[in-house]
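To start, the structure under review is shown below, and the notes come after it.
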Amino acid sequence: MQNLIYNVIYTMEYIICALVIIITMVIIYVINASFEYNFKPKTKEALKFNISSDYVIVLVKENCPYCEELEEIIVKSNVKHTIVKLTNEKTFEFDNTFTNLTPEERNNIIKETQNIFIPGQTILFPTIITSDYTHSGLPEKDIISKIFNI
């Protein structure tokens, strides 16, 4: 009888150990799955703009060397373009071309470019926006030449 009790207790210890191991593995799996869910890279969808103007919009940032380089290159361009500059004070400066646009075109450009400034999203400067193409960051020379016919 005493052997039977020892065998039952011994078996119970194995069952308890097995349950503790299984519960621990489930907890580790849940923690791991939650980290994988939180740290999965978000796929970046291309921003779509509905620009009604035939102007190329160039978004630049004050004191950005890449933006300054692009501005120097596109000065020679005969393609209609306008430059919108984000200042260090987080305000916008518009060039003379922008101010000469019709009010409808200006409102459309302002409304559409606001789509770039989504909280939590990284913005690369310069950003070039056409009616059918958007490029973030300083593009290669051949892409600049293609966009601005230089």
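Within segment 73-92, being within 21 Å of the chain's Cα centre (by Cα) and farther than 15 Å from T130 by Cα holds for K85, L86, T87, N88, K90, T91, F92. For segment 136-149, taking the residues that are under 21 Å from S53 (Cα atoms) and more than 12 Å from the chain's Cα centre (by Cα), the one that is surrounded by the fewest Cβ atoms within 10 Å (Cβ to Cβ) is identified as N149. Of all residue pairs spaced 6 or more apart or on separate chains, those with beta-carbon atoms under 8 Å, a first member in segment 73-85 that is polar (S, T, N, Q) and a second member that is in a loop (DSSP other than H, G, I, E, B) and surrounded by 13 or more Cβ atoms within 10 Å (Cβ to Cβ) are S77/I150; T82/Y55; T82/D95; T82/L101.
Restricting attention to segment 107-126, the residues that are touching a residue at least 12 places away in the same chain (Cβ under 8 Å) and either of a type in the set (F, W, Y) or open to solvent by 70 Å² or more (accessible area, probe 1.4 Å) (or both) add up to 2. Filtering segment 118-150 to residues that are of a type outside the set (A, V, I, L, M) and either modelled with pLDDT under 85 or in a strand (DSSP E or B) (or both) leaves P119, G120, Q121, T122, T127, T130, S131, D132, Y133, T134, H135, S136.
The values are calculated or read from the model by the stated rules, or taken from the named source; none is laboratory data. This structure is a prediction, so every number in the text was calculated from the model and none was measured. Heads up, the Cβs are rebuilt from the backbone with ideal geometry, glycines too, and the neighbour counts pull from every protein chain shown. Remember, those area values only see protein heavy atoms, side chains included, never the ligands or the DNA or RNA. Shrake-Rupley method; radii C 1.70, N 1.55, O 1.52, S 1.80 Å.
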